[in-house]
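All remarks here apply to the structure that follows.
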Amino acid sequence: MVNARQRVGAGIVFALPIEAGRFADRVHERRTIDAAGLAVHEGWIGDAAVAWVVGGAGIERASHACRLLIDGHRPQLVIAAGFAGGLAMDLARGSVVRPTRALRGGHEPIELARSDVNDRPRALGIVTVNDVVASAPAKRRLAEDTRADLVDMETWGVASVARSAGLPCECVRVISDTALETLPTEVSQLTAARSPWRRFGAALRTVGRRPSAARDLWQLWERAVVDSRTLADALERCVKALPPTLP
């Protein structure tokens, strides 16, 4: 068990349970704490103490979750982790990407930490937006407007909170859809739902309106399960590369 006064090596902010699930399976001596309505989890990966939270989709939820994590666990490194959409044409689906800059319209870029500079030799930017960017034309326009390589809904919020706390922030993302892919329109509704029951209800309503959506959503789920394992592999490498956590 992590000592309440102990500083953890990494504090990880996820948006969705599917993103966090396979990583959580690898943590030993796990414990869950209720913090202002959010479940904060803690435990050990090797010799490093870790804490993580599933904060929900969107910049406000991610920022709130990150503040709770920092206030309660004082991580040496904050990590914004999960899935992202590809904007650059050469980012393959299922690949792990560690961006170097967090972007947000109307704000200065935030430089991100990198635990493995050999992953990709060029600088990559991730832009945080308010809504799911589902269609290939919308992704193309966003790439042209922002010069970003990938897109999500949380990283800038996490990075901004970490910067205010004087902590480094790394971003670890798995490309869930490429620049050329168009997602089902219902994805945004499922992502916005806070609880598993609400997501289940949204899925049922979706299938009722469009029966073919069942196949589309199942395929997305299968891909997400694989992506979650890929993300867990990358996060485990990041955490194990940190200095051992002192008691």
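Taken together, the values in this text are just the output of simple stated rules run on the coordinates, not laboratory data. Being a predicted model, the structure only gives us computed values, none of them experimental. Note that each Cβ is placed from the backbone with ideal geometry, even for glycine, and that neighbours are counted across all protein chains shown.
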Review point. What residues from segment 31-54 fall in the zone where the backbone N is under 20 Å from a label point 7 Å along the Cα-to-C-beta line of D233?
Key: 45-46
Check your understanding: Going through segment 60-168, which trypsin sites (Lys or Arg not before Pro) have at most 13 other Cβ atoms within 10 Å and a DSSP loop state?
Key -> R122, R147
Review point. Can you list, bin by bin at 10 Å, the percent of alpha carbon pairs in segment 5-73, starting at 0?
Key: 22, 59, 19, 0
Review point. Hey, fewest Cβ within 10 Å first, where do S160, S135, S176 land in order?
Key: S135, S160, S176
Review point. Contour minus end-to-end for T32 and R74, with contour as 0.36 nm per residue of separation and end-to-end as the Cα-Cα distance?
Key: 13.5 nm
Review point. Fewest to most neighbouring Cβ within 10 Å: what's the order for V8, V158?
Key: V8, V158
